[in-house]
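Heads up: the structure comes next, in structure tokens.
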Amino acid sequence: MALQRPKGTQDHLPDGSPKLSRDVQASAFAFVQDTARRVLERAGAQFIGTPLFEEAELVRRGVGGSTDIVRKEMFTVYYFGDHGGYVLRPEGTASIVRAYLQNGLKQLPAPLKLWTHGPMFRAENVQKGRLRQFHQVDYEVLGSTDPLVDAEAIWLMWAVVRELGLTGVRVKLGSIGDPEDREAYNSYLRELFTPHEGRLSDDSKDRLTRNPMRILDSKSAEDQALIRELNVNPMLDFLGEAARAHFAAVQAHLTAWGVPFDLDPSIVRGLDYYRRTAWELHHTQVGAKSALGGGGRYDGLAAQLGGPEVPGIGWAFGIERLLLALEAEGVALPGQAGPLLFLAALDEENVGLAARLALQGRAVARVEFAYRALKPGNAFKEADRRRARYAAVIGSNEAARGVLNVKNLASGEQREVPLEALKTFLEQAELEQA
Ligand code: AMP
């Protein structure tokens, strides 16, 4: 058997490939990316690119040494040399905040809105919707604590799913308060869980001393059963006055803008640098891996990476998850369009001329050509197969008169276009299409 791609990865394939499903169709991917780009650029977000690999220390501090991602799911890159090791980035936020600090982006007008997209890597147990190389669209805003920024960030996620044509999406919204609120909550949880420590998973026993909030986030079934049994009070009950007012403002904006949301006290972000607003978008039909994306405020992160205090907030969508949701809802997606014109010579002497005309036409539109002479019927058939809008043929007769014989493949109408008018013809056809 020929060699296979690694487990948990996907090839992105051209339209018409035999084994096509949406989550591996390159044009479907591009559609999701372009939709997100349009929504985010209209909001003033600028693109930022960062390396696919980073210092392990950045990811340890940026994602958190106690998280599953850092403890179990890092792809480490070794190479000859005495360097301690790089890791393939598991998410985008740490890199973007690093780039912000390293490149002095603080000098740009605040709040600074940045976005990116690209592959992320986590060595996870592979299942549907959970890959080892997956792709995110990422939006980050640096330099503001204003609740209006939080609400706008959530609205933008909502705008992306709406623009994609998805309807079965719910926003789950929570707040994890300020550090002192979380401390109070952690003390409460420690008191509550300690008498039942024996029933906790090993990971959660460890969390009980280090960071009890993360128990609530546990994937273990025994932990979740105990959590239900103990009727744990939600973090929202522990918000201090400032965090409570901030959260109320975020909700008021969303309500005023018509973004429906459910309060979800179970959203926890246990790490120190997270503050206040946290949310997730879920799809009603995608099953267990229903989270399409999530986000939160991380005002303590820049300092955690060794920089000054810079407030920030951001979110990430999983592109594969969005594609699963689009599939589940049966939303029709545009495939890649065919060429505007397909050009063929009717005899070998004119193959080079047809090619030259096609190359010139590319200044205006997508134009393809045949690499050998074709009979008129075959030329039109070939053009059809490529989903061209027009087909043009040129033989010795047409070449002598300086014209192309052009056929509109939808209407069947045929006419002659002088060679020197080809550019104008393409420009007009392009306008009609738009
Ligand atoms: P996170 O960075 O963990 O908050 O994830 C943000 C979003 O990325 C999730 O809601 C998923 O849509 C997506 N995602 C995270 N991990 C994976 C994965 N292993 N495979 C596919 N999508 C993922």
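The values are calculated or read from the model by the stated rules, or taken from the named source; none is laboratory data. All values derive from a computational prediction rather than experimental measurement. Because the Cβ atoms are built from the backbone with ideal geometry, glycine has one as well, and the counts that use them run over all protein chains shown. Ligands, DNA and RNA are excluded from the accessible area calculation, which covers all protein heavy atoms including side chains. Shrake-Rupley method; radii C 1.70, N 1.55, O 1.52, S 1.80 Å.
Return the pairs, sorted by first residue and then second, in which the second residue is near the ligand (Cβ under 7 Å from one of its atoms) and in a strand (DSSP E or B), the first residue lies in segment 119-140 and is over 17 Å from L52 (Cβ atoms), the beta carbons are less than 8 Å apart, and the residues are 6+ apart or on different chains.
E124/R130; G129/G318; Y139/A316
Within the group I176, I154, which residue is touching a Lys or Arg at 6+ places or on another chain (Cβ under 6 Å) and open to solvent by less than 20 Å² (accessible area, probe 1.4 Å)?
I176
Within segment 357-401, can you find the residues that are within 16 Å of E420 (Cβ to Cβ) and out of contact with any strand residue (DSSP E or B) (no Cβ under 9 Å at 6 or more places or on another chain)?
A363, V364, A400
Only one of G294, G318, G312 is within 16 Å of the ligand (Cβ to nearest atom), without any contact (Cβ under 8 Å) to a residue 60 or more places away in the chain and within 21 Å of the chain's Cα centre (by Cα); which?
Working: G318 fails: without any contact (Cβ under 8 Å) to a residue 60 or more places away in the chain; G312 fails: without any contact (Cβ under 8 Å) to a residue 60 or more places away in the chain.
Criteria check complete, one pass: G294.
Can you report the number of residues in segment 128-140 which are over 23 Å from Y298 (Cα atoms) and either in contact with a Leu (Cβ under 7 Å, 6 or more places away or on another chain) or more than 9 Å from the ligand (Cβ to nearest atom) (or both)?
The qualifying residues number 2.
Identify all residues within segment 30-76 that are crowded, with 19+ Cβ neighbours inside 10 Å and at positive phi; write none if there are none.
G64
Restricting to segment 130-151, give me the number of residues that are among the hydrophobic types (A, V, I, L, M, F, W, C), in a helix (DSSP H, G or I) and open to solvent by less than 10 Å² (accessible area, probe 1.4 Å).
1
Name the single residue that is nearest to L341 (Cα to Cα) among those in segment 377-423 being touching a residue at least 60 places away in the same chain (Cβ under 8 Å) and surrounded by fewer than 20 Cβ atoms within 10 Å (Cβ to Cβ).
K423
Please enumerate the residues belonging to segment 215-243 that are farther than 13 Å from S266 by Cβ, assigned to a helix (DSSP H, G or I), out of contact with any strand residue (DSSP E or B) (no Cβ under 6 Å at 6 or more places or on another chain) and in contact (Cβ under 8 Å) with a residue 60 or more places away in the chain.
F238, A242
Here is a check on your reading of the model: is G307 within 30 Å of L114 (Cα to Cα) and surrounded by fewer than 16 Cβ atoms within 10 Å (Cβ to Cβ)?
yes
Within segment 253-284, how many residues are in contact (Cβ under 8 Å) with a residue 40 or more places away in the chain and open to solvent by 40 Å² or more (accessible area, probe 1.4 Å)?
Of the residues in that region, 15 qualify.
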